[in-house]
Amino acid sequence: MAIGDVEPETRRSGAKSATAFRTISEVGKELDIPQHVLRFWESKFSQVKPLKRGGGRRYYRPEDIALLRRIRDLLYTEGYTIRGVQRLFREAGVKAVVEGSAVEEASPPEPEKDSPGMSAGTRAELEAVLGELTALRQVLKS
């Protein structure tokens, strides 16, 4: 076998090594996340920095994929908001969050007993927004 030749089994199977860079479509399939969500997360989390080649094509390193996997788990499984994950990265550091040690220490606050699923502060914010929307609706009607 000459230098640079690839074994036929590897070439035929299309499998990439664990250290190979992945395209956005490959990452999307692997993490079961649409490509537009990955691009959105890239805008919200400065820690996600895929390599960009000509034409803006993104290539994700294995550490990028591990970070995206952790972001997905925090948002979809553990109930964090985007701001909550950003705060977690800021306070504990990305490495600690990806390894999972920081999340155990800084879990999301428990909701208050008298309002299941929503804290009093969140309820007040939502009521204020609702009041503003109601006032805007009245202005638009007149």
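The values are calculated or read from the model by the stated rules, or taken from the named source; none is laboratory data. Remember, predicted model here, so these are calculated numbers, not experimental data. When we count neighbours, we look across all protein chains shown, and the Cβ atoms used for this are built from the backbone with ideal geometry, even at glycine.
Within the range 43-71, the set of residues being under 8 Å from the mean Cα position of the chain (by Cα), among the charged types (D, E, K, R) and surrounded by 18 or more Cβ atoms within 10 Å (Cβ to Cβ) comprises just one member, Arg70.
Contact annotation: residue pairs with Cβ atoms under 8 Å, 6 or more positions apart or on different chains, pairing a residue in the range 48-76 that is assigned to a loop (DSSP other than H, G, I, E, B) with a partner that is surrounded by 16 or more Cβ atoms within 10 Å (Cβ to Cβ) and basic (Lys, Arg), are Pro50/Arg58. For residues in the range 103-142 being part of a helix (DSSP H, G or I) and small (Gly, Ala, Ser), which is modelled with the lowest pLDDT? Once the filter is applied, the top-ranked residue is Ala120. Considering Arg70, Arg22, Arg58, the condition of being at pLDDT 90 or above and among the charged types (D, E, K, R) is satisfied by Arg70 alone.
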